[in-house]
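Heads up: the structure comes next, in structure tokens.
The values are calculated or read from the model by the stated rules, or taken from the named source; none is laboratory data. For clarity, every value in this text was computed on a predicted model and none was experimentally measured. Note that each Cβ is placed from the backbone with ideal geometry, even for glycine, and that neighbours are counted across all protein chains shown. Note: areas computed on protein heavy atoms with side chains; ligands, DNA, RNA excluded. Shrake-Rupley method; radii C 1.70, N 1.55, O 1.52, S 1.80 Å.
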Amino acid sequence: MTIVTVDLDDPRPISPDLWGAFFEDINCSADGGLYAELVRNRSFDFTSQDRPGWGPLTGWTTRGLVQVRSDSPLSPASPTYVRIGDGSTSAEIVNEGFGGITVAAGESYVFSVYARATNDVDLDVTLACSEGRSTASVAIAAGPDWVRYEAVFNPTFGDGSARLGVAVQAGDTVDLDLVSLFPQRVFRGSPNGMREDLAQSIADLSPRFLRFPGGCVAHGLGLSNMYRWPGTIGPLQDRRPDSNIWGYHQSMGIGYFEYFRFCEQIAATPLPVVPAGVCCQNTPGGPQPVPDHDMDAYLQEVLDLVEFANGDETTRWGSLRGELGHPAPFGLRYLGLGNEDQIDDVFEDRFGRIFAAIRREYPEITVVGTAGPQPFGEDYDRGWDLGRRLGVPVLDEHCYKAPKWLFQNLHRYDDYDRTGPAVYLGEYGSRGNTFLNALAEAAFMTGMERNGDVVRLASYAPLLAKVGSTQWVPDLIYFDSSDVLPSLNYHVQQLFSETGGDESLPVSVLAAPVYERPAPRYRHVGLRADGFTVDCGWITIAGAATDSLVVDDGTGVQRIATPLLPHDFTIELDFTAVAGDPERGSLAVLFGDLDSAESWEWNLGTWMNRTATLFEVSDGFRDEACPGIPFSIEVGRRYAVRIEVRDGGRVTELHVDGRLVNGYEDPRSPEERFAASCVRDTSSGRTTVRLVNATGTATTVQLETRSGAPVSVLGGRQLSGDAGAGAPFEPAPFAPHEIRPTGSGVTVPGFSVTMVEIAAESAAP
Ligand code: AHR
């Protein structure tokens, strides 16, 4: 039996905003995802900047004469449109949506288009799939101006492979732009709205806040790609489309107005993130700052965002918000400045100037600064340093770490400085969608909740991913054009969020099931080359020399036969990259049990041949064990590598040409795989105990109070199953179920997350 004791009399006030959601247009989350528009490339504004080979007619097939034009466009923001027909033969453009248009019988779809023609023209519009076909005729009146036309489709068929055709008869010519097909059923019926089922799945998380628009999308690949909010509001044709850092196109159909409106609809406080005057550090050539002479204008743009969200109708931006249909303020409280940027002098300058301006003009806004891409390392240290120096109220940490790391770091926030900035764990996840991942995240969440006075906000990332169109896996919710597939990780987020509170109550745990990681086994050594052909000679493993070999790009891991290695050993080799791409090449030296889910890999030239890093695979999840140290492989140069594994495998070092390049000492901290927290919501009086058992051992938890007052369990929800179940792109294999324990005991299976609402009777005299 495990005893969990709650101290009901020592509440610690915590952030009521703790559990939120992170939305970024990654994995086709916006166009073709949350945004309900069914036509892809509706404004003919795709370019090769979005993706090589793409252009104005990407997503369309054509028949007859179709010209891409840019004279007298509908809007300068999106200068291309099409002219179809040449007055002699009929012509047509056909759009297949985002991999097929999904229509359902009984639903209505609004077709709209901007058109211009010199003669009266009848447009033949067709919505068709193998199951059926609907047509509409739209009469375009002759005139020099662009005019919007509409027709409604009520198909009697349903399918995910429909196509939309727009045609003219022989003798007619027409200019077309912003060709749209929008379901009438959208989330909360809002115009230009969200796909209902996907939006609902986010609403069902009960997020206290919603972060948007990223992620890396916020700061963009290059200055011209920074996400600039004013270009995303107002009439659709006047929005500034842009390429997406994840390799596709952003129509900006969901823009700042829609984000704010969605937040309001799901009762999530908005947390927009604007660039801190610097673009993404992964921009070729490195991060670039907004030039000095543009900084005043950029500063003003950031301040204008606050006015757009909160200003009354006498203000310029507040009145524009009213014109867009929302006179009431959106109640902006948080504003993110920067996203996991490289923290250097230039960043400090730009961030410092914008931060000072917001503080001066809008002291009521809580600015969220940034502390790098990892929960440790140079940017993390420098970001925290800057945050403390400037008095930034909240800093955004990011943490994509394997379950092992999360289990070892349940107490990460126990000792965080309570006098400095608070934490926003803005992006986190444990690198997988199995139940073990969800359990690790749940356990880590108990640590954040216990420290909810210093961890003010937290959001799993990324939120959405379209099956077949991902750039980042794992994600919280997968979807295709007709289904929504929430993961086990989603259920964990929801269990915490729906029972969140504003007080954390101290919890102690006695006799919890324990977990011990088996000692490492060193059975194999392997080499893998990526982007290079590598000639390896003089390979010596634990003193035994082996044959030299050539490792080719993309041929996978080449194993070198070795006996079972002792816990302290060295691997030595000389290597030369004889051919390949110095922009992306690397050589990995792997060791451990390569047939199991536990191994290590020194990677020379990881991160586009920029660093040397140790990766650890634990429980099957690959993760960086330590920050990378700058290191690049030059083609044609010979390197002498020595890898040392010492202290029973606890210490490993990488030496190149006699110089220590990088090293790692596994803290071998215990992995606490049983975790608990308790939260009270003072407005409803609800008190919830969270019990996370990531060991395979079942236990009965006896709930007690520190004062001795008897506890009764009112009910609860439990998620339990196989630790290995669950995978990306698949629906969660199981979901939380109700439990009705009686008295003060709760049955907690091995591998489970349990939420129980408790009431404590008054202590006996
Ligand atoms: O969540 C996916 C990406 O991870 C975000 O865009 C970026 O901030 C981080 O690197």
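So residue 508 fits all but one of (1) in contact with a Leu (Cβ under 9 Å, 6 or more places away or on another chain); (2) among the small types (Gly, Ala, Ser); (3) open to solvent by 20 Å² or more (accessible area, probe 1.4 Å); what number is the exception?
Checking residue 508 against (1) in contact with a Leu (Cβ under 9 Å, 6 or more places away or on another chain); (2) among the small types (Gly, Ala, Ser); (3) open to solvent by 20 Å² or more (accessible area, probe 1.4 Å), the one that fails is (1).
Return a yes/no flag: does region 344-353 have any residue that is assigned to a loop (DSSP other than H, G, I, E, B) and either of a type in the set (S, T, N, Q) or surrounded by fewer than 19 Cβ atoms within 10 Å (Cβ to Cβ) (or both). Break it down into steps so the answer makes sense when it comes.
Our first condition is that a residue be assigned to a loop (DSSP other than H, G, I, E, B); within region 344-353, this holds for 344.
Adding the requirement that they be either of a type in the set (S, T, N, Q) or surrounded by fewer than 19 Cβ atoms within 10 Å (Cβ to Cβ) (or both) leaves 344.
Checking region 344-353: at least one residue is assigned to a loop (DSSP other than H, G, I, E, B) and either of a type in the set (S, T, N, Q) or surrounded by fewer than 19 Cβ atoms within 10 Å (Cβ to Cβ) (or both).
Suppose we filter 525, 514, 534 for residues that are open to solvent by 70 Å² or more (accessible area, probe 1.4 Å) and either aliphatic (A, V, I, L, M) or outside any loop (DSSP other than H, G, I, E, B) (or both); which single one remains?
Working: 525 fails: open to solvent by 70 Å² or more (accessible area, probe 1.4 Å); 534 fails: open to solvent by 70 Å² or more (accessible area, probe 1.4 Å).
None of the others qualify; the one that does is 514.
Restricting to region 424-481, name every residue that is more than 12 Å from the chain's Cα centre (by Cα), aliphatic (A, V, I, L, M) and closer than 12 Å to residue 492 by Cα.
The answer is 436, 438, 439, 440, 442, 443, 445.
Among the candidates 16, 56, 73, 11, single out the residue that is open to solvent by 60 Å² or more (accessible area, probe 1.4 Å), modelled with pLDDT of 95 or more and away from the ligand (no atom under 16 Å from the Cβ). Outline the logic, then answer.
Details: 56 fails: open to solvent by 60 Å² or more (accessible area, probe 1.4 Å); 73 fails: open to solvent by 60 Å² or more (accessible area, probe 1.4 Å); 11 fails: open to solvent by 60 Å² or more (accessible area, probe 1.4 Å).
Exactly one residue qualifies, and that residue is 16.
Name the single residue, out of those in region 307-322 being in a loop (DSSP other than H, G, I, E, B) and either within 16 Å of residue 364 (Cβ to Cβ) or modelled with pLDDT of 95 or more (or both), that is most open to solvent (accessible area, probe 1.4 Å). Break it down into steps so the answer makes sense when it comes.
Just the residues of region 307-322 that are in a loop (DSSP other than H, G, I, E, B), to begin with: 311-315.
Filter once more, keeping what is either within 16 Å of residue 364 (Cβ to Cβ) or modelled with pLDDT of 95 or more (or both): 311-312, 314-315.
Working: 311: 12, 312: 85, 314: 124, 315: 35 Å².
Among residues in region 307-322 that are in a loop (DSSP other than H, G, I, E, B) and either within 16 Å of residue 364 (Cβ to Cβ) or modelled with pLDDT of 95 or more (or both), the one most open to solvent (accessible area, probe 1.4 Å) is 314.
Please give the strands (runs of 3 or more DSSP E) falling wholly within region 436-505 in which 2 or more residues are touching a Lys or Arg at 6+ places or on another chain (Cβ under 7 Å). Spell out the reasoning first.
Values: elements: 455-460, 464-466, 477-479, 484-486, 503-505.
Passing ranges, in order: 503-505.
In the list 636, 648, which residue meets the criterion of being surrounded by fewer than 16 Cβ atoms within 10 Å (Cβ to Cβ) and not in a loop (DSSP other than H, G, I, E, B)? Write out each step before concluding.
Details: 636 fails: not in a loop (DSSP other than H, G, I, E, B).
The conditions single out 648.
Quick grid of which residues meet (1) within 16 Å of the ligand (Cβ to nearest atom); (2) surrounded by 23 or more Cβ atoms within 10 Å (Cβ to Cβ):
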residue: 366; (1), (2): no, no
residue: 386; (1), (2): no, no
residue: 399; (1), (2): yes, no
residue: 412; (1), (2): no, no
residue: 418; (1), (2): no, no
residue: 425; (1), (2): yes, yes
residue: 440; (1), (2): no, yes
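For the list (1) in a strand (DSSP E or B); (2) touching an Asp or Glu at 6+ places or on another chain (Cβ under 7 Å); (3) within 21 Å of residue 472 (Cβ to Cβ), I need the number of the one condition that residue 423 fails.
(3)
Do you know which of the residues in region 237-266 that are in contact with a Lys or Arg (Cβ under 8 Å, 6 or more places away or on another chain) and part of a loop (DSSP other than H, G, I, E, B) is nearest to residue 583 (Cα to Cα)?
247
Within region 113-156, how many residues turn out to be open to solvent by less than 10 Å² (accessible area, probe 1.4 Å) and under 41 Å from the mean Cα position of the chain (by Cα)? Before you say what the answer is, go through the steps one by one.
Of all residues in region 113-156, those open to solvent by less than 10 Å² (accessible area, probe 1.4 Å) come to 113, 115, 117, 121, 123, 125, 127, 138, 140, 153, 155.
If we keep only those that are under 41 Å from the mean Cα position of the chain (by Cα) too, we end up with 113, 115, 125, 127, 153, 155.
Residues that pass the stated criteria total 6.
Of (1) within 16 Å of the ligand (Cβ to nearest atom); (2) in a loop (DSSP other than H, G, I, E, B), residue 395 satisfies all except one. Which?
(2)
Would you mention how many residues in region 427-438 are open to solvent by less than 30 Å² (accessible area, probe 1.4 Å) and either within 16 Å of the ligand (Cβ to nearest atom) or of a type in the set (Lys, Arg) (or both)?
As a first pass, look at region 427-438 and keep what is open to solvent by less than 30 Å² (accessible area, probe 1.4 Å): 427-430, 432-438.
From what's left, either within 16 Å of the ligand (Cβ to nearest atom) or of a type in the set (Lys, Arg) (or both): 427-430, 432-433, 437.
Residues in region 427-438 being open to solvent by less than 30 Å² (accessible area, probe 1.4 Å) and either within 16 Å of the ligand (Cβ to nearest atom) or of a type in the set (Lys, Arg) (or both): 7 in total.
Here are some residues: 325, 286. Which one is out of contact with any strand residue (DSSP E or B) (no Cβ under 9 Å at 6 or more places or on another chain) and either more than 20 Å from residue 188 (Cβ to Cβ) or outside the structural domain of residue 220 (by TED's automatic domain parsing) (or both)? Walk me through how you get there before you give the answer.
Details: 325 fails: either more than 20 Å from residue 188 (Cβ to Cβ) or outside the structural domain of residue 220 (by TED's automatic domain parsing) (or both).
Of 325, 286, the one residue that is out of contact with any strand residue (DSSP E or B) (no Cβ under 9 Å at 6 or more places or on another chain) and either more than 20 Å from residue 188 (Cβ to Cβ) or outside the structural domain of residue 220 (by TED's automatic domain parsing) (or both) is 286.
Identify, by number, the condition in (1) more than 21 Å from residue 392 (Cβ to Cβ); (2) surrounded by 18 or more Cβ atoms within 10 Å (Cβ to Cβ) that residue 325 doesn't meet.
(2)
Check 285, 338 and return the single one that is over 20 Å from residue 365 (Cβ atoms), among the small types (Gly, Ala, Ser) and either buried (at least 18 other Cβ atoms within 10 Å of the Cβ) or out of contact with any helix residue (DSSP H, G or I) (no Cβ under 6 Å at 6 or more places or on another chain) (or both).
Values: 338 fails: over 20 Å from residue 365 (Cβ atoms).
Going through 285, 338 in turn, the sole match is 285.
Can you name every residue in region 218-236 that is within 16 Å of the ligand (Cβ to nearest atom) and within 22 Å of residue 324 (Cβ to Cβ)?
Just the residues of region 218-236 that are within 16 Å of the ligand (Cβ to nearest atom), to begin with: 218-222, 225-227.
Scanning region 218-236 gives 218, 227.
Kindly list, by first and then second residue, each pair from a residue in region 152-168 that is at pLDDT below 95 to a residue that is open to solvent by 40 Å² or more (accessible area, probe 1.4 Å) and among the polar types (S, T, N, Q), limited to pairs with Cβ atoms under 8 Å and residues at least 6 apart or on different chains.
Close Cβ pairs (under 8 Å, with a partner that is open to solvent by 40 Å² or more (accessible area, probe 1.4 Å) and among the polar types (S, T, N, Q)) amount to 159/130; 160/481; 160/482; 161/130.
Scan region 78-92 for residues that are modelled with pLDDT under 95, closer than 19 Å to residue 148 by Cα and surrounded by fewer than 21 Cβ atoms within 10 Å (Cβ to Cβ) and jot them down.
Kept after step one, since they are modelled with pLDDT under 95, are these residues of region 78-92: 78-79, 86-89.
Keeping just the survivors that are closer than 19 Å to residue 148 by Cα gives 78-79.
Correct list: 79 only.
Return the residues of region 557-606 that are aromatic (Phe, Trp, Tyr) and either over 17 Å from residue 529 (Cα atoms) or out of contact with any Leu (no Cβ under 8 Å at 6 or more places or on another chain) (or both); say none if nothing qualifies. Break it down stepwise before answering.
First pass over region 557-606, keeping only residues aromatic (Phe, Trp, Tyr): 569, 575, 591, 600, 602.
If the condition is that a residue be aromatic (Phe, Trp, Tyr) and either over 17 Å from residue 529 (Cα atoms) or out of contact with any Leu (no Cβ under 8 Å at 6 or more places or on another chain) (or both), then 569 is the only one that fits.
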